[in-house]
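The values are calculated or read from the model by the stated rules, or taken from the named source; none is laboratory data. Keep in mind that this is a model prediction, so the values were computed, not measured. Don't worry about glycine lacking a Cβ; one is built from the backbone with ideal geometry, like all the others, and counts go over all protein chains shown. Areas reflect the complete protein model, heavy atoms only, side chains present, ligands, DNA and RNA absent. Shrake-Rupley method; radii C 1.70, N 1.55, O 1.52, S 1.80 Å.
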Amino acid sequence: MKTCPRANLVPLWPSLRGVLPPNVPTRKTAPTHWPYASLKPLLLQAGELTPIEKAERRVLVLANPGHGLEKMQASAAMYLGMQLLLPGEWAPSHRHTPNAVRMIVEGEGAYTTVNGEKCPMARGDLILTPTGLWHEHGHDGTEPVVWLDVLDLPLVYYMEASYHINGARQDVKPGRGDRAWSRAGVVPTPIFTRSHKTYPLLRYPWVDTRAALVGLAEDQPELECLQVTYVNPETGDDAENILGFYALMLRPGQTLRLPARSPACVFHQIEGSTDVVVGNTGESATPFTLVEADTCCAPGYTAATLTNRSASAPAFVFMADESPLHRKLGVYEVRG
Ligand code: GTQ
């Protein structure tokens, strides 16, 4: 590129088509598969080699090669990390501007304390640590616990708005959002008990999410897309401001075509096994097979086809995407 460093000026015309390509944006996000079978041994090795006191957070980052591994991005706005906590370990309290969620992958007995609320971790649970809230992780169990972190770190970092503050160990306060906001359609009555918290519900137990999907499937046998959105139960808005979180059920043998939409998307297999084909018709498609605890991502403006590999059992997939961000910025699109 021709530049004029003395005046800090560059001509637009050589780069115009590069930054405004015709019809479809340029995407660095490559369809990428992170099998849990190849990740887990490395994570356990990290557990042997790296004490938690040194690491603070013992995480292997699921990095998209299209962005360059050192960028630690799954997509333009999404960061994924697989975190290991061993029995008795403690990941100290901090808060930061990026929003995070944890999807629990395996193990029992660990918990995250978020602004004084102790959130137990069980397989498939989703736990929020939204922007600015204190969080720390502990483990009273006997086996290693692993979870998937999803953060909007790449976006917040790009905005030059990413920083953290360390804090003291939190006192656990009584009151659990997943007890108070335990049923859709009934919320604590405002004048008596409503908490006035921005994030009243921090833990979404998998037993409840799974039951909601199974109930939906039984109630609406014709419904093709069995998907629920993790929302704030007070407002109905997305659970967090920037990334969206969903759980999907595929009936036995079902194939579901997800249309091309502007946001990039992450799929994580909670139960069963799913064939994922990332790509629009007429373009070269990338196939992955997700088994339990596997994760993959698809770039925006790209369709995906999911097929439950079992003819007898449902499959359950956790999804994260950039929809809230795209909607708020007015760039959200469905391409069909
Ligand atoms: O557990 O607080 O994967 O602060 C990256 C940054 C996890 C955490 C990550 C974090 C955390």
Unmet criterion (only one of (1) outside any strand (DSSP E or B); (2) modelled with pLDDT of 95 or more; (3) surrounded by 17 or more Cβ atoms within 10 Å (Cβ to Cβ)) for Phe267: (1)
Could you figure out which of (1) among the aromatic types (Phe, Trp, Tyr); (2) open to solvent by 30 Å² or more (accessible area, probe 1.4 Å); (3) closer than 30 Å to Asp140 by Cα isn't true of Tyr36? (2)
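Condition check: touching a strand residue (DSSP E or B) at 6+ places or on another chain (Cβ under 8 Å), closer than 24 Å to Met82 by Cβ and not hydrophobic (A, V, I, L, M, F, W, C). Does Glu333 satisfy that?
So Glu333 does not fit the description; no.
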Looking at the range 70-92, can you tell me whether even one residue there is among the hydroxyl-bearing types (Ser, Thr, Tyr), open to solvent by 30 Å² or more (accessible area, probe 1.4 Å) and either away from the ligand (no atom under 15 Å from the Cβ) or not in a helix (DSSP H, G or I) (or both)? no
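Yes/no per residue for (1) open to solvent by less than 30 Å² (accessible area, probe 1.4 Å); (2) in a helix (DSSP H, G or I); (3) modelled with pLDDT under 95; (4) within 16 Å of the ligand (Cβ to nearest atom):
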site: Met103; (1), (2), (3), (4): yes, no, no, yes
site: Gly124; (1), (2), (3), (4): yes, no, no, no
site: Leu128; (1), (2), (3), (4): yes, no, no, yes
site: Thr131; (1), (2), (3), (4): no, no, no, yes
site: Glu136; (1), (2), (3), (4): yes, no, no, yes
site: Val150; (1), (2), (3), (4): yes, no, no, yes
site: His196; (1), (2), (3), (4): no, no, yes, no
site: Asp208; (1), (2), (3), (4): no, yes, no, no
What number of residues within the range 110-122 are more than 15 Å from the ligand (Cβ to nearest atom) and either hydrophobic (A, V, I, L, M, F, W, C) or closer than 21 Å to Val207 by Cα (or both)? 4
Which one is farthest from the ligand (Cβ to nearest atom), of the residues in the range 52-69 that are closer than 22 Å to Val156 by Cβ and aliphatic (A, V, I, L, M)? Leu69
Count of residues meeting criterion [touching a residue at least 60 places away in the same chain (Cβ under 8 Å) and either in contact with a strand residue (DSSP E or B) (Cβ under 6 Å, 6 or more places away or on another chain) or open to solvent by less than 10 Å² (accessible area, probe 1.4 Å) (or both)] in the range 303-317: 4
